[in-house]
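Contents: one structure, followed by commentary.
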Amino acid sequence: MELGKIYELNITSYDMNGWGVASLDNKVIFVEKAMKAEVVLAKITNIHKKYAFAQTVKVLEASTERIESICPYYEGCGGCDLLHMNYQVECEIKEAKIKNSFAKINSLKNVKINPIIKNDKITGYRNKIIIPFSVDADNNVIYGFYAKMSHELISIDHCIISNQYVNEVVEFIRKYLSVMNIKIYNETTHTGIFKGVMIRNNYLNEMMVVLIVTTKIDFSGLVSYLEKDYPLVKSIYLNINPKLTNVMLGDKLIHLAGAKTLVEDILGLKFNVSAASFMQINHEAAQKLYNEAFKMANLTKNMNVIDAYCGMGSITLNLAKMVNYVYGIEVVPDAIINANHNKELNNIKNVTFICGKCEEEIAKLLPQNKIDVIFFDPPRKGCEKSFLEAIVNAQIPKLVYISCNIATACRDINYLLENNYQVVEVTPVDIFSRTNNVETVVTLSLRK
Ligand SMILES: C[S@@+](CC[C@H](N)C(=O)[O-])C[C@H]1O[C@@H](n2cnc3c(N)ncnc32)[C@H](O)[C@@H]1O
């Protein structure tokens, strides 16, 4: 097998990420954008001792489940991974990912895994995008996403998983910058001003636009066009980020126009969302995820609950409607300010938000309170061991683990299994349709 050479491959199955799996020269080959039962021509892109990676160049015999991608940028853009297959196959791959991850844990080979909860809207669902801007070889202003594992910007004029009104506003901003000859930031030479834009939208398609620049600039012209021609733009900020980093958003936010926050409705409660707030990027599917987690927890009115890693309190405040008392713990101070504001906005009394690291705060909270259930929805890296140890020591009867990374979730769950917990139920939820990410809710109970 030679790097860069093209081979004919028979695809026999899928890997965890929905890539086709073939074999050649006693190696397993993971083939991007190839489907089970297909014969493809694929170019070898990476070779390791026992396996290699390849990219589909031509499909010789297509699967009946293959579909034409509805995104014209699918070939280059690294955003979505699964646009070449029908949604049913995507869901089956995601279910298999969760099943296989649990099957690696000996005691969980036969754990009950519910069917994946599907997304009703598999395009236009994203409620937040951060898009970098650049210029092409002819000095035209462009924007887009980076190609996979590269820093090459793929120029687009819309993104099919983003909100359609957001797409229109981004395109207008591109035209404005071009006509006004505003210098676009060049990350190689570190010259220019305009880096990109972050836009989030709420359930009413109202938008918050954050213009990201290296230095303060007068955008009053752009602001008045946006206010006049795009009535759904309700809030506009300037974000100043002079740092030489890949991270788009800087620390300094200047409010330019409109409301300071957007109001989101989550399961009937209102949430003030700021530019920096963490919010699930798929509003409809996130509500399904939360409902499933609440249902799986079998909550009753007399329970006391902790919502760890609570962000702006989406889960915490909804839990408060169903139980006696809830503590929300979150490390980002602004998120806690937001959460307390949201508590007042909804006139909820039976909640306390605590600002700090879960692994530190939980150890203080547990000895002083009788807690019946702990919900935890950590970032991709999962939980600190000391957080899990505190739960084990306190013998909390019921746990609800919400995870966007099944690998770290299984690591943490394995620790809990070794320490007298058992898995009760698992439900995968499709939040990030057309990409290979999948969210999972897992309930655990203390063994008698
Ligand atoms: C996946 S988000 C979950 C947010 C919330 N549950 C929701 O559904 O909107 C993870 C949250 O954990 C917070 N976080 C990360 N590490 C933390 C830690 N060690 N202690 C407390 N919060 C943490 C992040 O700031 C983020 O808000």
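If only one of Ile199, Ile240, Ile266 is within 21 Å of Glu168 (Cβ to Cβ) and surrounded by 18 or more Cβ atoms within 10 Å (Cβ to Cβ), which one is it?
On the way: Ile240 fails: within 21 Å of Glu168 (Cβ to Cβ); Ile266 fails: within 21 Å of Glu168 (Cβ to Cβ).
When all the criteria are applied, what remains is Ile199.
Of the residues Ala363, Ala339, Ala335, Ala320, which single one is crowded, with 19+ Cβ neighbours inside 10 Å, out of contact with any strand residue (DSSP E or B) (no Cβ under 6 Å at 6 or more places or on another chain) and small (Gly, Ala, Ser)?
Numbers: Ala363 fails: crowded, with 19+ Cβ neighbours inside 10 Å; Ala339 fails: out of contact with any strand residue (DSSP E or B) (no Cβ under 6 Å at 6 or more places or on another chain); Ala320 fails: out of contact with any strand residue (DSSP E or B) (no Cβ under 6 Å at 6 or more places or on another chain).
Residue meeting the stated conditions: Ala335.
Could you tell me whether Lys104 is in the same structural domain as Pro428 (by TED's automatic domain parsing) and within 18 Å of the chain's Cα centre (by Cα)? Spell out the reasoning first.
Working: in the same structural domain as Pro428 (by TED's automatic domain parsing): yes; within 18 Å of the chain's Cα centre (by Cα): no.
Spelling it out, it is not the case that Lys104 is in the same structural domain as Pro428 (by TED's automatic domain parsing) and within 18 Å of the chain's Cα centre (by Cα).
For the range 89-132, name all the residues that are more than 29 Å from Asp265 (Cα to Cα), surrounded by fewer than 16 Cβ atoms within 10 Å (Cβ to Cβ) and polar (S, T, N, Q).
Those that are more than 29 Å from Asp265 (Cα to Cα), surrounded by fewer than 16 Cβ atoms within 10 Å (Cβ to Cβ) and polar (S, T, N, Q): Asn100, Asn106, Ser107, Asn110.
Filter the range 375-394 down to the residues that are part of a helix (DSSP H, G or I) and over 26 Å from Val323 (Cα atoms), then identify the one that is nearest to the ligand (Cβ to nearest atom). Walk me through it before giving the result.
Pass one, the range 375-394, residues part of a helix (DSSP H, G or I): 385-394.
Next cut, over 26 Å from Val323 (Cα atoms) only: 385-386.
Values: Lys385: 12, Ser386: 10 Å.
So the residue we want is Ser386.
How about the range 216-333: which strands (runs of 3 or more DSSP E) wholly inside it have at least 1 residues that are within 30 Å of Gly196 (Cβ to Cβ) and under 21 Å from the mean Cα position of the chain (by Cα)?
Working: elements: 233-240, 252-258, 262-266, 269-273, 304-308, 325-330.
Per the criteria, 262-266, 269-273, 325-330.
Determine, yes or no, whether Gly144 is part of a strand (DSSP E or B) and closer than 16 Å to Tyr73 by Cα.
Values: part of a strand (DSSP E or B): yes; closer than 16 Å to Tyr73 by Cα: yes.
Yes.
State yes or no: is Ser274 hydroxyl-bearing (Ser, Thr, Tyr), surrounded by fewer than 24 Cβ atoms within 10 Å (Cβ to Cβ) and closer than 22 Å to Asn338 by Cα? Explain how you work it out, then say what you get.
Numbers: hydroxyl-bearing (Ser, Thr, Tyr): yes; surrounded by fewer than 24 Cβ atoms within 10 Å (Cβ to Cβ): yes; closer than 22 Å to Asn338 by Cα: yes.
The answer is yes for Ser274.
What pairs come up if the first residue lies in the range 177-191 and is assigned by TED's automatic domain parsing to the domain that holds Tyr225, the second is exposed (fewer than 10 other Cβ atoms within 10 Å of the Cβ) and in a loop (DSSP other than H, G, I, E, B), and their beta carbons are under 7 Å apart, counting only those six or more places apart or on different chains?
His190/Leu244
For the range 343-358, does any single residue satisfy the condition of being assigned to a loop (DSSP other than H, G, I, E, B), within 17 Å of Ser274 (Cβ to Cβ) and of a type in the set (S, T, N, Q)?
Yes - at least one qualifying residue is present in the range 343-358.
Take the residues of the range 300-351 that are of a type in the set (Asp, Glu) and touching a residue at least 12 places away in the same chain (Cβ under 8 Å): which is nearest to the ligand (Cβ to nearest atom)?
If we filter the range 300-351 for residues that are of a type in the set (Asp, Glu), which is where we start, we get 307, 330, 334, 344.
Cutting the leftovers down to touching a residue at least 12 places away in the same chain (Cβ under 8 Å) gives us 307, 330, 334.
Values: Asp307: 7, Glu330: 5, Asp334: 10 Å.
Here the residue is Glu330.
The values are calculated or read from the model by the stated rules, or taken from the named source; none is laboratory data. If you're wondering where the values come from, they're calculated on a predicted model, not measured in any experiment. For neighbour counting, all protein chains shown are included, and Cβ atoms are generated from backbone atoms with ideal geometry for every residue, glycine included.
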